[in-house]
Amino acid sequence: MHWVDAENISIVAEEINNKKEEEVTYSESTVRKIQNRKGLITLHTHPSSFPPSIRDLNSNYSNNYGIGIVICHNGTVYLYSSEQLINEDYYKLTVEEYIKNGYNENEAQIEALKELMG
């Protein structure tokens, strides 16, 4: 994951050696570099090619990031931002409901995100 200063178009911090799947762990160094900065652009990959996760959206909101960018291994690129925290359980239930109605996992996540935007 990279954090970019939108004004200077410079990399503020990066976490490129995480061992956990589907999670970015912020080192103390990264926390120091990004704290109290508003409007950072975040960039990271999703090897599964799924859209931004609920954790991505909540992190965007909680950390006052400007825009998040997810670059997927299938070539899809998602831009996102969030204006409020979203209950993770509610999001998961919404995705599950779409899956029950015949959507695959990727489609269900996209439809759930659309619903939460409305």
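Please verify whether TYR98 is part of a helix (DSSP H, G or I), modelled with pLDDT of 95 or more and not β-branched (Val, Ile, Thr), treating the condition exactly as stated.
yes
Within region 49-67, work out how many residues are farther than 14 Å from ILE110 by Cα, open to solvent by 40 Å² or more (accessible area, probe 1.4 Å) and touching a strand residue (DSSP E or B) at 6+ places or on another chain (Cβ under 8 Å).
Total meeting the criteria: 1.
Could you grab the pairs with beta carbons closer than 8 Å, sequence gap of 6+ or different chains, first residue in region 43-56 and charged (D, E, K, R), second one surrounded by fewer than 18 Cβ atoms within 10 Å (Cβ to Cβ) and in a helix (DSSP H, G or I)?
ARG55/GLU88
Being in contact with a helix residue (DSSP H, G or I) (Cβ under 6 Å, 6 or more places away or on another chain) and in a loop (DSSP other than H, G, I, E, B), is that true of even one residue in region 51-59?
Checked against the condition, which is being in contact with a helix residue (DSSP H, G or I) (Cβ under 6 Å, 6 or more places away or on another chain) and in a loop (DSSP other than H, G, I, E, B), region 51-59 yields at least one hit.
Which one is nearest to VAL70 (Cα to Cα) among residues in region 9-32 that are in contact with a His (Cβ under 9 Å, 6 or more places away or on another chain) and surrounded by 14 or more Cβ atoms within 10 Å (Cβ to Cβ)?
By that ranking, first place goes to VAL24.
Do you know which of the residues in region 74-90 that are out of contact with any Cys (no Cβ under 9 Å at 6 or more places or on another chain) and among the hydroxyl-bearing types (Ser, Thr, Tyr) is farthest from PRO51 (Cα to Cα)?
Residue satisfying both the conditions and the ranking: TYR90.
Which condition number does ILE16 fail, the rest of (1) within 18 Å of GLU111 (Cα to Cα); (2) of a type in the set (A, V, I, L, M, F, W, C); (3) part of a loop (DSSP other than H, G, I, E, B) being met?
(1)
The values are calculated or read from the model by the stated rules, or taken from the named source; none is laboratory data. None of these values were measured; they are calculated from a predicted model. Please note: Cβ atoms are built from the backbone with ideal geometry, for glycine as well, and neighbour counts cover all protein chains shown. The accessibility values were calculated without ligands, DNA or RNA, using every heavy atom of the protein model including side chains. Shrake-Rupley method; radii C 1.70, N 1.55, O 1.52, S 1.80 Å.
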